[in-house]
1. Can you tell me which residues in the range 189-201 are in contact with a strand residue (DSSP E or B) (Cβ under 8 Å, 6 or more places away or on another chain) and either at pLDDT below 95 or surrounded by fewer than 24 Cβ atoms within 10 Å (Cβ to Cβ) (or both)?
2. Could you tell me which numbered condition residue 21 fails, if it satisfies all but one of (1) in a helix (DSSP H, G or I); (2) surrounded by 24 or more Cβ atoms within 10 Å (Cβ to Cβ); (3) touching a helix residue (DSSP H, G or I) at 6+ places or on another chain (Cβ under 6 Å)?
3. Can you list residue pairs whose Cβ atoms sit under 9 Å apart, with the first residue in the range 119-136 being over 17 Å from residue 148 (Cβ atoms) and the second being surrounded by fewer than 13 Cβ atoms within 10 Å (Cβ to Cβ)? Count only pairs 6 or more apart in sequence or on different chains.
4. Could you check how many residues of the range 7-42 are under 25 Å from residue 131 (Cα atoms), in contact with a strand residue (DSSP E or B) (Cβ under 9 Å, 6 or more places away or on another chain) and in contact (Cβ under 8 Å) with a residue 60 or more places away in the chain?
5. Looking at the range 53-85, which of its residues are over 23 Å from residue 135 (Cβ atoms), more than 12 Å from the chain's Cα centre (by Cα) and outside any loop (DSSP other than H, G, I, E, B)?
6. I'd like the full set of residues that are on the phi > 0 side of the Ramachandran plot and touching a helix residue (DSSP H, G or I) at 6+ places or on another chain (Cβ under 9 Å), limited to the range 117-176.
7. In the list 46, 50, which residue meets the criterion of being surrounded by 24 or more Cβ atoms within 10 Å (Cβ to Cβ), without any contact (Cβ under 8 Å) to a residue 60 or more places away in the chain and either on the phi > 0 side of the Ramachandran plot or under 16 Å from the mean Cα position of the chain (by Cα) (or both)?
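The values are calculated or read from the model by the stated rules, or taken from the named source; none is laboratory data. Predicted, not measured: the structure shown is a model, and the values here were computed from it. Here Cβ is always computed from backbone atoms with ideal geometry, including for glycine, and neighbour counts include all displayed protein chains.
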């Protein structure tokens, strides 16, 4: 069982017998919307009940699917996990379970990065997922192995790769982790993980 299954199990409990579990989520790719500066990838958007949530990934897909598709599913590959992320975010938005499920606008990039840099100052960082902005800005703090890190920074694709999941599961509760941006908001909110998105909407 991974943190994904913990979060989806919590959502399943919340939705039990509500009828929402049979609702349809529309997954699409949005090339025009604002996107968080930290993760690398394409903006996949989930729509549910008139609300939306995003998940930035290198493995986007387009589909109509039931919320319950995730319940008990093995989520065996990156594409399925990214879809689950978008679904969790869209349903979390509909149920008002989590805030900051929409990205900030580009004018907020600089203050957000400055605040994050202050938050992690002096810490050895391990980046879970590709994050070019942080690799450039905080490169002198980034370490090559999770064992050497004081703190983990986690972005969308970091949550969906096999290596990222193994790393998060191994160190969750042992080392501080900050989950960045709207992509990580739904899962973070469901299982009480530290989330960073001060300018999200």
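1. Taking the range 189-201 as the starting set, the residues that turn out to be in contact with a strand residue (DSSP E or B) (Cβ under 8 Å, 6 or more places away or on another chain) are 189, 193-197.
Within the range 189-201, 189, 193, 194, 195, 196 qualify.
2. With (1) in a helix (DSSP H, G or I); (2) surrounded by 24 or more Cβ atoms within 10 Å (Cβ to Cβ); (3) touching a helix residue (DSSP H, G or I) at 6+ places or on another chain (Cβ under 6 Å) applied to residue 21, the lone miss is (2).
3. Taking only residues 6 or more apart or on different chains, not a single pair turns up.
4. Count: 9.
5. Of the residues in the range 53-85, the ones over 23 Å from residue 135 (Cβ atoms) are 53, 61-77, 79-80, 83-84.
Adding the requirement that they be more than 12 Å from the chain's Cα centre (by Cα) leaves 61-77, 79-80.
63, 64, 65, 66, 67, 68, 69, 70, 79, 80, listed by residue number.
6. Within the range 117-176, the subset on the phi > 0 side of the Ramachandran plot is 122, 129, 173.
If the condition is that a residue be on the phi > 0 side of the Ramachandran plot and touching a helix residue (DSSP H, G or I) at 6+ places or on another chain (Cβ under 9 Å), then 122, 129 are the ones that fit.
7. On the way: 50 fails: surrounded by 24 or more Cβ atoms within 10 Å (Cβ to Cβ).
After ruling out the rest, the residue left standing is 46.
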